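Student: Pasting a structure below so you can have a look.
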Amino acid sequence: MGLAPQRYSLGAIVLHWLIAAALAFQIVFAESLEGPRGPDLFARYQLHKSVGMTILLLSVLRLGWRFFAPRPAPVSGPRWAMTLSGLVHFGFYFFMIAAPVTGWIIVSTSRIKVETLLFGSIPWPHLPVPASWGEPAEFLHHVMPNVAIALLVLHVAGALRHQYLLGTPILARMLPGGQGKAIGALMTAAAIMLGGVVLGKVIDPGGAVEATRPAATAAEPVTATAQPATPAAVEDTAVPEAEAEDATAEETLEAEPRNWVVAKGGTLGFSARWNGEPVDGRFARWTATILFAPEALDASKIDVGIDLASVDTGDGQRDGTLTGSDFFDTGKFAKATYRASKFKALGGNRYRADGTLTLRGVTKSVPLNFTLDIRGDKARARGSATIDRTSFGVGQGDYASTAEIAGSVAVSFDFQATARD
């Protein structure tokens, strides 16, 4: 049997300090998880969950590493010191696993189900546990940071006692540069922990979400038929005035709407307010059949279908909530539709469509104002409407109240089209 190594393995050292820095970050960052619900607080909770699950995975890996990788022999000392050291180490492992697990239970038993995506990209499942576990898990989760701080104080005090009072070079086992007085090791350890604390104070996940929030242009093509072209220019001929008027009247009577195809890059977006903060999004997939002509408004019509599962607000976890049963409930209502066959010219290039929106199985009248600019066989349409989400049942339970999420939601579109015929 070989002698025990004098230092921990590189893997153990890396895992130890990764977890230490992450725990310092979590404890400090938890102070920012207060205040009115809104996009910023939502983003902070998502980051808190992501880091927590990362700590859980790293801690399980560290525990396995402890049993399978060679490690230095325990430092000898009085029985009370050995017992206290063992309890502190056991307490740390218990905390590193129990803290994220209790948070996981809280999320899993919450009445409002929010999809968890680690760092906005990796799906993380809910635990199949009874709802009654939620309350005790929440109590333990809020108590544990204080326990962790107490364990940290004892752990650091014990290491410093061995290094500087008893002359046992214990810091050299877990950090490089631990020879002699181990000043380099001590400064490195302090820098790692301070980095976690500072990051927990200054990081702004809400700002990161804002930076990745989709702009007002769609990333995917929209298939549709759209607007008519302008009437052909009338040649300057010597036709009598009365004859010209008759021809114009006949042309107007025979005018029909034209089919158009919407070009790639069109946008169908929306903007809501959550505790006064804007939440902007878009639908990446939608189709439209548009038959329209300024000179044939009575025969014009539009039919738009929206794939609600394609909602994109720049935050995967928020998008998961929007597609859930409290909002769009895409499991039951995969699409929303907007249909209009009544149009009114408002002067110039401005028009109004009086149509109906069907969302979550509810159909309501929704007027839509838009502008139409036509150049030959090319057209550009831009418009907007305002809907009351509560009229369609979008926002159930705690989300039904307009005290946090405003009832009014602005919908907008902007696309270009080419005449099909």
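Student: For the subset of segment 137-151 comprising residues that are open to solvent by less than 60 Å² (accessible area, probe 1.4 Å) and touching a residue at least 40 places away in the same chain (Cβ under 8 Å), which member is nearest to Val107 (Cα to Cα)?
Tutor: His141
Student: Could you please tell me which pairs satisfy a Cβ distance under 7 Å, a separation of 6+ or placement on different chains, a first residue in segment 292-314 that is in contact (Cβ under 8 Å) with a residue 24 or more places away in the chain and surrounded by fewer than 19 Cβ atoms within 10 Å (Cβ to Cβ), and a second residue that is part of a helix (DSSP H, G or I) and not basic (Lys, Arg)?
Tutor: Glu295/Thr252; Ala309/Thr323
Student: Of the conditions (1) in contact with a Ser or Thr (Cβ under 6 Å, 6 or more places away or on another chain); (2) under 30 Å from Ser50 (Cβ atoms); (3) open to solvent by less than 20 Å² (accessible area, probe 1.4 Å), Gln317 clears all except one; give me its number.
Tutor: Among (1) in contact with a Ser or Thr (Cβ under 6 Å, 6 or more places away or on another chain); (2) under 30 Å from Ser50 (Cβ atoms); (3) open to solvent by less than 20 Å² (accessible area, probe 1.4 Å), Gln317 violates only (1).
Student: Tally the residues that are closer than 19 Å to Asp326 by Cα and of a type outside the set (Val, Ile, Thr), restricting the search to segment 358-393.
Tutor: Residues in segment 358-393 being closer than 19 Å to Asp326 by Cα and of a type outside the set (Val, Ile, Thr): 8 in total.
Student: Which of the residues that make up segment 83-102 are among the small types (Gly, Ala, Ser) and open to solvent by less than 20 Å² (accessible area, probe 1.4 Å)?
Tutor: Those that are among the small types (Gly, Ala, Ser) and open to solvent by less than 20 Å² (accessible area, probe 1.4 Å): Gly91, Ala98, Ala99.
Student: Please list, ordered by residue number, the strands (runs of 3 or more DSSP E) wholly in segment 298-396 having 1 or more residues that are out of contact with any strand residue (DSSP E or B) (no Cβ under 8 Å at 6 or more places or on another chain).
Tutor: By residue number, 335-347, 362-375.
Student: In addition: Restricting attention to segment 105-126, report how many residues are open to solvent by 40 Å² or more (accessible area, probe 1.4 Å), more than 15 Å from Leu322 (Cβ to Cβ) and either without any contact (Cβ under 8 Å) to a residue 40 or more places away in the chain or in a loop (DSSP other than H, G, I, E, B) (or both).
Tutor: Looking only at that region, the number is 9.
Student: Scan segment 116-137 for residues that are among the hydroxyl-bearing types (Ser, Thr, Tyr) and at pLDDT below 85 and jot them down.
Tutor: Result: Thr116, Ser121.
Student: A follow-up question, please. Filter segment 35-77 down to the residues that are open to solvent by 50 Å² or more (accessible area, probe 1.4 Å), over 15 Å from Leu15 (Cα atoms) and at pLDDT 75 or above and list them by number.
Tutor: Hit for segment 35-77 is Tyr45, nothing else.
Student: Out of (1) touching a residue at least 40 places away in the same chain (Cβ under 8 Å); (2) more than 30 Å from Glu295 (Cα to Cα); (3) open to solvent by 20 Å² or more (accessible area, probe 1.4 Å), what's the single condition that is false for Arg389?
Tutor: With (1) touching a residue at least 40 places away in the same chain (Cβ under 8 Å); (2) more than 30 Å from Glu295 (Cα to Cα); (3) open to solvent by 20 Å² or more (accessible area, probe 1.4 Å) applied to Arg389, the lone miss is (3).
The values are calculated or read from the model by the stated rules, or taken from the named source; none is laboratory data. Bear in mind that the values here come from a model prediction, so they are computed numbers and not experimental data. As a convention, Cβ positions derive from the backbone with ideal geometry for all residues, glycine included, and neighbour counts pool all protein chains shown. Remember, those area values only see protein heavy atoms, side chains included, never the ligands or the DNA or RNA. Shrake-Rupley method; radii C 1.70, N 1.55, O 1.52, S 1.80 Å.
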